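Participant: Let me give you the structure first, and then I'll get to my questions.
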Amino acid sequence: MACTKYLSNLLFDLAMLKGKRVIITGASSGIGEQMAYQLAKMGSHILITARTEEKLKKVAEKCTELGSASAYYIHGSMDNMTFAKQVVHEAERLFGGLDMLILNHIGYTYFGFFDGDVDHIRKLLEINFLSYATMTVEALPMLKASGGNIVVVSSFAGKVGLPLTVPYSTTKFALDGFFSSLRMEFYHQKVNVSITLCVLSYIDTDTALNTVSRVIQQPAAPKEECAYEIIKGGAMRQREVYYQYEATKIPMLMRDWAPELLEYLVLKNYNVDGLSKNKE
Ligand SMILES: NC(=O)C1=CN([C@@H]2O[C@H](COP(=O)(O)OP(=O)(O)OC[C@H]3O[C@@H](n4cnc5c(N)ncnc54)[C@H](OP(=O)(O)O)[C@@H]3O)[C@@H](O)[C@H]2O)C=CC1
Ligand SMILES: C[C@H](CCC(=O)O)[C@H]1CC[C@H]2[C@@H]3C(=O)C[C@@H]4C[C@H](O)CC[C@]4(C)[C@H]3CC[C@]12C
């Protein structure tokens, strides 16, 4: 893996994204917003989406200033699969095709002990998982035609069970199951569409900092660098991206060989006393 990272650093060229037609979901804030800016600087055609129209408008305007080949937005909620399909159709209408589909949005969830609400898990699965599958199916003909890329933004919490994120973690594990299986079928069927699953550690977005900073002791990694690494991994057709590497890949090595040690180290990171303050 370290070797793959080293090679992709050497071979990645920003010009690879020039003129490429990209959809980015969850791009009104956080990592998605940063990916939109990076792609704009690289000269891509961009279609961004989220629920809040005013925020999207501002992000799209900034993308145009930064040099995007074009920048459009469409607002709506990903709990609605008709909307998920509509976003893909909009890209087809605007760009006449698609090179990269970046699936990044997540719905609201709580950060705390599991409260037994299975209905919340069902709703979160629709936003964080089923809309990803729906958009993938809808975009596949265009991606096959372009030999394009699917980029799935997941989490360390989608590879290792962590406390306080039961519904969220469930949805992220589902992404691994779906996309890792699909990737294997693509190899088998010689479908020239890459699938990159991004395993992220704690990143300094407003949402993450506001949600967990009282509970998690470790520092958060910069969202700008995170966005760059995701785009690079997608463009280089890497099967997985680990960011930050030390906080994700190294613990992953422990997951199957020393699970108790990993659980011990993870739990040491959590200050559960901060949780009650979090709810105030
Ligand atoms: N930050 C972190 O520490 C980590 C983040 N990640 C992953 O990175 C990705 C981005 O996270 P981050 O940038 O922190 O999150 P943010 O909260 O900053 O961004 C989430 C985005 O999703 C949109 N969104 C929320 N609800 C919906 C909905 N129902 N339908 C459509 N869009 C919606 C939001 O916009 P709006 O409200 O306008 O709809 C926003 O654009 C996620 O996949 C997350 O799991 C993984 C590991 C760590
Ligand atoms: C602190 C965790 C790192 C693992 C460890 O304990 O050593 C973080 C790894 C993944 C993070 C969560 C995540 O995936 C994104 C969430 C979505 C929201 O933006 C709120 C924050 C998160 C729950 C975030 C919290 C820190 C991690 C669990």
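Participant: Note down the nm distance, to one decimal, between modelled labels 7 Å out along Cα→Cβ at Glu225 and at Leu66.
Facilitator: With each label placed 7 Å out from Cα toward Cβ, I get 1.8 nm.
Participant: Just reorder Glu138, Glu263 by solvent-accessible area, largest first, 1.4 Å probe, all chains present.
Facilitator: The most accessible residue leads, giving Glu263, Glu138.
Participant: Express the carbon and sulfur contribution to the solvent-accessible surface of segment 12-278 as a percent, rounded to the nearest whole number, probe 1.4 angstrom.
Facilitator: Ligands and nucleic acids excluded, carbon and sulfur reach 54 percent.
Participant: Here is a further query. In whole percent, what relative contact order does segment 12-278 give with Cα contacts below 8 Å and a gap of six or more residues?
Facilitator: Rounded, it is 17 percent for segment 12-278.
Participant: Another question about this same structure. Using a Förster distance of 35 angstrom, determine the FRET efficiency expected from the C-beta separation of Glu92 and Leu267, and round it to 0.05.
Facilitator: Given R0 = 35 Å and the Cβ-Cβ separation, E is 0.15.
Participant: Once you place label points 7 Å from the Cα toward the Cβ at Asp13 and Lys41, how far apart are they in nm?
Facilitator: Each label point is offset 7 Å from its Cα along the Cβ direction, giving 1.9 nm.
Participant: May I ask you to derive the FRET efficiency for Val137 and Thr207 from their Cβ-Cβ distance with R0 = 22 Å, giving the value to the nearest 0.05?
Facilitator: About 0.20, to the nearest 0.05.
Participant: Continuing with the same structure: Need the list of lysines near Lys249 for cross-linking: C-alpha distance under 25 angstrom, and skip anything on the same chain fewer than eight residues off.
Facilitator: Excluding near neighbours in sequence, the set is Lys5, Lys159, Lys172, Lys223, Lys232, Lys268.
Participant: Full extension from Lys144 to Ser181: what is 0.36 nm times the residue separation minus their Cα-Cα distance, to one decimal in nm?
Facilitator: 11.6 nm
Participant: Something else: Nearest 10 degrees is fine. How inclined is helix 131-146 to the longest principal axis of the chain, computing both from alpha carbons?
Facilitator: 40
Participant: If you filter segment 20-112 for chymotrypsin sites (Phe, Trp or Tyr not before Pro), then keep DSSP loop positions with at most 13 other Cβ within 10 Å, what is left?
Facilitator: Tyr108
Participant: What number, in percent, do you get for the relative contact order of segment 28-112 if the mean sequence gap of Cα pairs under 8 Å and at least 6 apart is divided by its residue count?
Facilitator: This gives 27 percent for segment 28-112.
Participant: Based on alpha-carbon atoms only, what is the radius of gyration of the chain relative to the globular estimate 2.2 N^0.38 Å?
Facilitator: Normalised Rg, Cα atoms only: 0.97.
Participant: Any chance you could run the full-extension gain for Phe114 through Lys85? It's 0.36 nm times the residue separation minus the Cα-Cα distance, nm to one decimal.
Facilitator: 7.3 nm
Participant: A further question on this structure: Could you check the simple spin-label distance between Ile250 and Val191, using points 7 Å along Cα→Cβ, in nm with one decimal?
Facilitator: Going from the Ile250 label point to the Val191 one covers 3.7 nm.
The values are calculated or read from the model by the stated rules, or taken from the named source; none is laboratory data. Since the structure is predicted, the reported quantities are computational estimates derived from the model, not experimental observations. In this analysis, Cβ positions are derived from the backbone assuming ideal geometry, glycine residues included, and neighbour counts consider all displayed protein chains. In case anyone asks, the SASA skips ligands and DNA or RNA and just uses the protein heavy atoms, side chains included. Shrake-Rupley method; radii C 1.70, N 1.55, O 1.52, S 1.80 Å.
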